[in-house]
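These notes are about the structure you will find just below.
A short reminder: the numbers here are calculations on the coordinates, not readings from a lab. Just so it is clear, the model here is predicted, and its values are computed rather than measured. Here Cβ is always computed from backbone atoms with ideal geometry, including for glycine, and neighbour counts include all displayed protein chains.
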Amino acid sequence: MISQFENYLKVGKVKIKSPDYEEANALFEQSKERMGYIKLKDINQKTAKFVLQDSYEAAREAAQSLMSIRGFKPYSHEATISFIKKFYNDNFSDEEIHKFDHFRQLRNNSVYKAVQIMEDDAKSSILFAKSFIQKVQPLLSEKE
């Protein structure tokens, strides 16, 4: 369950820092490069977990780029999602935030418990990440 953003600040899972446009741009470029890498992969039962992990990571990097321009450094994936919910709730629907958290949970289960990922989940994660990154791009240029 995602907590209020202020809770992550309070417990040190988010630190306040100077806004860093260079870092933000680097993170965003990396998220786009990761999506390009994913597009080269076949999705089957053996690769689905890696595709989902990478597509989630691409969305997380894009979200973190927004954190960077606002002067925050996350130390928790949940904190990153909570940040989007707090600061960009006009840009991302509750459904999109729920999907982001859903893919975070699938990714964690895959990475830490070796739970298998279904091909459909991998495909859905790609569509989500692509849409998420497209929505982040104009938000990055608003802050410069």
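Note: relative contact order over the stretch 5-143, using C-alpha pairs below 8 Å and six or more positions apart, is 35 percent. Report summary: the helix-based calculation at 222 nm, which adds -39500 (n - 2.57) for every DSSP H run with n ≥ 4 and divides by the residues of the chain, gives -24000 deg cm²/dmol.
Here's the list of lysines a cross-link from K32 could span, going by alpha-carbon distance under 23 Å and ignoring same-chain residues fewer than 8 apart: K41, K49, K73, K85, K99, K123, K130, K135, K143. Counting only aspartates and glutamates at least 8 places from K86 when in the same chain, those with an alpha carbon closer than 19 Å to its own are E6, E61, E78, D94, E95, E96, D101, E142. By the beta-carbon count within 10 Å of each Cβ, the least crowded to most crowded order of E33, E22, fewest first, is E22, E33.
Neighbour counts of C-beta atoms inside 10 Å place H102, H77 in the sequence H102, H77, starting with the fewest. Each of T47, T80 was scored by other Cβ atoms within 10 Å of its Cβ. Arranged with the fewest first, they read T47, T80. The residues neighbouring E33, those whose beta-carbon lies less than 15 Å from its own, together hold a net charge of +2 under the Lys/Arg +1, Asp/Glu -1 convention. Charge dipole (Cα centre; +1 on Lys/Arg Cβ, -1 on Asp/Glu Cβ; no other charges) of the chain amounts to roughly 380 debye. Just to confirm the number: angle between the C-alpha axis of helix 48-69 and the first principal axis of the chain, 0 to 90 degrees, nearest 10? Helix 48-69 sits roughly 10 degrees off the main axis of the chain. Between rounded, prolate and oblate, where does the chain land on the alpha carbon gyration tensor, with a ≥ b ≥ c its root eigenvalues, rounded for a/c under 1.5, else prolate if a/b exceeds b/c? The shape class here is prolate. Among residues other than Q134 with Cβ under 13 Å from its Cβ, the summed charge is +2 (Lys and Arg +1, Asp and Glu -1).
Between helix 21-39 and the chain there is an angle of about 10 degrees, using the helix long axis and the longest principal axis of the Cα atoms. Computed from Cα atoms, the angle from the helix 119-143 axis to the main principal axis of the chain rounds to 20 degrees.
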